[in-house]
Amino acid sequence: MNASAESILEGLDEAQRLAATTVQGPVRIIAGAGAGKTRTVTRRIAYACASGRWDERKVLAVTFSVKAAAEMRSRLAALSVGEGVKAATFHSAALHQLRRVWSDISDSYFPTVIRDPQACLDRALKRVIAGDNPFHPVQMRDLLHEVDWCKVSLIAPEDYPRVCSALHRQPPAGIDSQRFADIAIAYEQEKTNRGEIDFNDILLIACHVMDDFPEAARTIRSSIGWLTVDEYQDVSPLQHRLMKLWLNGNTNVCVVGDPAQTIYSFAGASSYDLLHFSEEFAPLAADVNLATDYRSTPEVVNCANTVLQAAPNREDYLILNAVRPKGARVLKIAYDHDVQEAMDIAQRIAQWKRQGVSLDDCAILTRINNQQSVIARALYQEGLKYRVRRDSGWQQSALDVDGSDKEIALAAHGIAREEAVTISTIHASKGLEFKHVFIVGCSEGLMPYGSPDPGDDLEEERRLMYVGITRAQDSLQLSFARSKEQGGAASRQGSRFLA
């Protein structure tokens, strides 16, 4: 082994080193929050390439966000290897592959990836429903989400009514399953007529090409000698299908994930493939648990472990071990109303700023987008810059504003280049970390959302709370307000997750 390859392993703990040095055959890495997942995966790729075990031109690492893929490329570059390694999202990797082989399988232009699926859906509705569109914007969004759910779940529109009956699934927007199927079919026809495809069509077409065009499939597979799949707990049936087609019997695959961070089940994600990887790809070359949390204080780690302790499938989740010194206790606070909650947090952050704390180190996490307006106003009143991260992604302004909020939006203009507090939904905060985290709205009905009975919905909410808690490095506050408005009846109770 050359010295440069060995130096790549420096600083890894025993479990991380085992994962990084097992570079042939199937490998599963269960990586808890703060356990150095990205560090381990990038060191593994860099070590395998530097030691000559892998040809970096045939290395593909896929993850679920553009940000995560960019971070992986940056870390590989810092290790002075990996210029030939492709780190990308599932969709961008598949799109690149399709464009590479398209001229060999078709005489037509490659379809255009649709920029406005809602406009396409609007046209489709005119095919199905006489008169004006009866759906408001939220319902339109829900219809599009259901179209996506069908695709990633490998359910054809004509099979949707049967699936709904079998799964007791309620179609969106108050319509019956057959009506939704008609809308979905019309949506597909609209795209086809215009030579367009949507986001998940990229993966469906990639699967079709790999299934039905052997020469194109061989060309694509020739560029994938070693595959790494990050965030494997969030893989959908469609993504899993494409992964298996890429491999086609090749066992040089490493999957990385954490069942306790499965928070996109509503969108078709499932930790099933991660939990059953050892059966699907037996025998494994290595099965590694990364349970040492280097991110958070023992107080935060204990809080996270406690939230998961009541899960009926607790054995599926790692118990995190803290190694940092003792820190501040986790605060649990009940306020009288929402404005009081927001103002107290804003005032605390303002005081920290005067003491030298960077606003970039502070995050206020919410369960849903609608909670963020009152938080933004409180920060604005304290003269604090902020950025907003919603479930739909980063927003250029602080809020989707109407006239009454323009002043707030102007105050936040340019925050991407300035020190600022992050206001984020918990979903949108996944993969991020902050020294100081406030999780607001920890009341029944919000967290868990809808106060679900025991079952899958409640466990999804439990995992979401866990993800929010584990964003915190140094301090954590969990709070709720007993009433929405000042003087209102104290109708809210603290979340069962605060117990």
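Brief remarks on what is shown
- The DSSP beta bridges internal to the chain are antiparallel in roughly 10% of cases.
- Amide H contacts for Thr89 (H built 1.01 Å from N in the peptide plane; partners 5 or more residues away or on another chain; cut-off under 5 Å): Thr63.
- Stretch in the chain that is longest and holds no trypsin sites (Lys or Arg not before Pro) that DSSP places in a loop and that have at most 15 other beta carbons within 10 Å: 330-483
- Net length gained if the chain between Arg348 and Arg417 were fully extended (0.36 nm per residue, minus Cα distance): 22.5 nm
- Start at zero, step by 5 Å, and the Cα-Cα distances of the stretch 1-106 spread as 2, 12, 21, 23, 20, 11, 6, 3, 2, 1, 0 percent across the bins.
- Legend: distances between Cα atoms for Lys37/Lys353; Lys435/Lys484; Lys353/Lys435; Lys37/Lys67; Lys151/Lys244; Lys353/Lys385; pairs beyond 21 Å are Lys37/Lys353; Lys435/Lys484.
- FRET efficiency, Phe199 to Val138 (Cβ-Cβ, R0 25 Å, nearest 0.05): 0.80
- Radius of gyration over Kirkwood radius for the chain, both on Cα atoms: the Rg/Rh ratio is 0.97.
- Given 16 as the ceiling on other Cβ atoms within 10 Å, longest exposed-site-free region of the chain for chymotrypsin sites (Phe, Trp or Tyr not before Pro) in DSSP loops: 295-499
- Its DSSP H runs of at least 4 residues, each contributing -39,500 (n - 2.57), put the calculated 222 nm mean residue ellipticity of the chain at -12500 deg cm²/dmol, to the nearest 500.
- In plain terms, the chain from Ile129 to Val357 could stretch by 76.5 nm, reckoned as 0.36 nm per residue minus the Cα-Cα distance.
- What a 1.4 Å probe finds exposed on the chain is 48% carbon and sulfur by accessible area, rounded to a whole percent.
- DSSP loop GluC sites (Glu not before Pro) with at most 15 other Cβ within 10 Å excluded, longest remaining stretch of the chain: 84-417
- Bridging of Lys126 to aspartates and glutamates at a Cα separation below 14 Å is possible for Asp182, Glu188, Glu190, once same-chain residues fewer than 8 apart are set aside.
- Euclidean distance between Cα centres, the stretch 240-314 to the stretch 343-374, Å: 31
The values are calculated or read from the model by the stated rules, or taken from the named source; none is laboratory data. Not measured: the values here are computed from a predicted model. We place every Cβ from the backbone using ideal geometry, glycine too, and count neighbours over all the protein chains shown. SASA here: full protein model, heavy atoms, side chains in, ligands and nucleic acids out. Shrake-Rupley method; radii C 1.70, N 1.55, O 1.52, S 1.80 Å.
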